[in-house]
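The values are calculated or read from the model by the stated rules, or taken from the named source; none is laboratory data. Since we're looking at a predicted model, the values are computed, not measured. Reconstructed Cβ throughout: ideal geometry from the backbone, glycine too, with neighbour counts over all protein chains shown. Each accessible area value is taken on the protein alone, full model and side chains, heavy atoms only, with ligands, DNA and RNA left out. Shrake-Rupley method; radii C 1.70, N 1.55, O 1.52, S 1.80 Å.
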Amino acid sequence: MDLNEIRGGRLDVISEEAEHHKQSTTMADGGGRATRGVSTFQRFSVDTNESLCFEPWEDSLPSPTGAEDGLDDVFKEGETESEIVTINSRLQGKVAEMENFASHLEEIFLTVEENFGRQEQHLEQHYNDVLQTLSQRYDDRAAGLEEEKKGKLEALYKQLLACGQAMDASKDLIETAQEVYRRQDKRLFLKAVMPTMKRIEEFAKEQVDLTLSTSLEFNTPLADLSDVKTMMDSINVVPAPSAPVINPQIPNSATQTSLRVCWSLFSDDTVEYYELYYRPVLEDTPADSTCAPLVSKVQVKETHCAVTDLLPNAQYELWVTATNTTGISPASEKTLYVTVPSPPVIKQRECTSCPEAALIRWESGNTNPVDSYTVELSEMGTDGTDSGIAESVVAVPTCQCLIQLQTGRRYLISVRAVNIGGPSSRSEVITVSTTGTFFYLLEDTAHPCLSISEDGFTMFYGDEELPISAMALDDNTFTRCVAVLGDLIPVRGRHYWEVEVDDETEFRIGVASGDTERNSYLGANNTSWCMRHILTPSRHKYEFLHNGLSPDLRITVNPVRIGVALDYERGTLSFFNVDLKQHLHTFQCHFRNDVHPCFGLDNPGALTVHNSIEAPKYSFT
């Protein structure tokens, strides 16, 4: 019977028992109470020696009649359903164990079939070789007997001819002597008798060999069948296997700490077991170093193996040998496998968003390169929990991704690193809101005298001036204006943020290109647009500067919270007094490149940025 049929039949029986038990435990009477059905289930387990063991289940349910304890076992419907769920869960787990065990048996069954096939072919080959050798020996021996027979017959034929010739000569002499004897004339008798006598004397002197010149028996030498015996003995001797071949790594065949390795044989070898060797590949270790990683080994009977307790996102060098009763095969060629990467690390201070999208940045967190990244996001429900509806952005080649989102939602976002072994675990989850524009200050652009708070939204300009020698300046740092840029998401839509200011602080707020001159003041060049506050002895003066020019405007009420509205499509940058919902000024311009929020302090003081705020309706009208 086929193994799949056996397994399928057993699983069907267990499924029927589970259904029967479920029905018996859910029968309820008119009063809303239910009785427990008699359980005939048994627990089973798969032990380490691959045998299936059944044990009685100690938690079997009592009889509904209460015959065992004399009590009626009644309980509420909710308890019944809970126990049914528990029983079903246990049963499903055991069924899964049985399926895994059956799969393992199937693999062993196939391995036995393959070994039997190879052994049968090996035996048949030896059988054919022995028959061929014996047939050759028979032909050689038959040919030798034929040659011996031919030689014997030729010798006997020659001897027979010699005898015949001697008999003819003797007969001729006898006839001649008789003729001489019958003659009446004495003179003629005397004349002929002497030559006849002489011939008789000469014939008598000739020796006729009357013995057989050849033996009537044939030589029967013992046949040399030592090579045949060797071949017969070799039938029970299995040749040593040839070198196995490790297959290339299968996608999604690894975890962070394990690898599934497969190999194959391209011959009819018989193998008792395999030995898989592996060691990590460390880039910093020289090839001839005595501190090379230790080689680990695992022995298996199948042509696959799961190697555990490995390092994440590490390359491993693997090779395998095959062994049988005769010997060990040569080692296979060494192959590289990689484990799944470690989870990436999201750089939350560099993640930005707007009502339409979010820009997520992260670090790989792995020494070895990864193939790609997958960004996973799910929307948060109104109660702050995961809605369960997940989306993925796959095959991201770099450590950042711009994701299109829906306005006014909150999302949970995580990242996975992917290589041929499979995806890593999820990174830490961050929450992204699309209520408004969200960004942090770019600390690498800040003037050395400017300090940024831990939360990344407040800047301070202290009273003490730093000496020039203490200022760490680079090409991206503002050197003249005590200013800093904000990391605005590169989405050319609508953006809104607010700035909390102080009446006693001279400041500049607005937008600037990423390549704006660092040794220039904000608003004094053609790559920055800003609102400036100046303290004079008589009043507070406000300017709206671009390329050093400002319209002649006067603001009577000093704004404490200023709203900034940037509209790429309309080419406008507007400023508002948030408390009064009052429009202050709008720049009409065409932004060829993406711009960043910019903030500057002309005297000691502080500014606080408020973002992720829904833009007021009046800001883009």
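Taking only protein heavy atoms into account and a 1.4 Å probe, give the accessible area per residue of region 396-487 in Å².
Per residue, region 396-487 has 49 Å² of solvent-accessible surface.
Evaluate the distance, in nm, between pseudo-label points positioned 7 Å from the Cα of ALA331 and of LEU553 along their respective Cα→Cβ axes.
7.7
Net charge within 10 Å of TYR278 by Cβ-Cβ distance, Lys/Arg positive one each and Asp/Glu negative one each, not counting TYR278 itself?
Working: positive: ARG279, LYS297, LYS334; negative: GLU317.
Charge balance near TYR278 sits at +2.
Simple spin-label model, 7 Å along Cα-to-Cβ: GLU391 to ASP579 in nm?
About 4.1 nm separates the two model spin labels.
Between THR431 and ASP371, how high is the FRET efficiency from 1/(1 + (r/R0)^6) when r is the Cβ-Cβ distance and R₀ = 22 Å? Nearest 0.05.
0.20
Tell me, what is the percent relative contact order of region 331-395, built from C-alpha pairs under 8 Å that lie six or more residues apart?
Once divided by the residue count of region 331-395, the mean separation gives 23 percent.
Express the relative contact order of region 524-567 as a whole percentage, based on alpha carbon pairs under 8 Å and six or more residues apart in sequence.
Relative contact order of region 524-567: 32 percent.
Under a crude label model (7 Å from the Cα following the beta-carbon direction), how far is GLU148 from GLN299 in nanometres?
In this crude spin-label approximation the distance works out to 5.6 nm.
On a C-alpha basis, how far is the centre of region 600-621 from the centre of region 360-375 in Å? Whole number, if you could?
34
How high is the relative contact order of region 404-501, in percent, counting Cα pairs under 8 Å that sit 6 or more residues apart?
27
I'd like the FRET efficiency for GLU217 and LYS171, computed as 1/(1 + (r/R0)^6) with the beta carbon distance as r and R0 of 25 Å, rounded to 0.05.
According to the calculation, E is roughly 0.15.
Between ILE250 and ARG90, what is 0.36 nm times their sequence separation minus the Cα-Cα distance? Round to one decimal in nm. Display every interim value, and only then the final one.
Numbers: separation 160, 0.36 × 160 = 57.60 nm, distance 3.28 nm.
Additional length available on full extension: 54.3 nm.
All other residues with a Cβ under 10 Å from the Cβ of THR323 taken together, and with Lys, Arg as +1 and Asp, Glu as -1, what is their net charge?
-2
Given a Förster distance of 60 Å, report the FRET efficiency between GLN178 and ASP129 from their Cβ-Cβ distance, rounded to the nearest 0.05.
0.20
Given a 1.4 Å probe and heavy atoms of the protein chains only, how would you sort VAL338, VAL595, largest accessible area at the top?
From most exposed to least exposed: VAL338, VAL595.
What number does region 301-412 give for Rg over Rh if you use C-alpha atoms and the Kirkwood radius?
Answer for region 301-412: 1.21.
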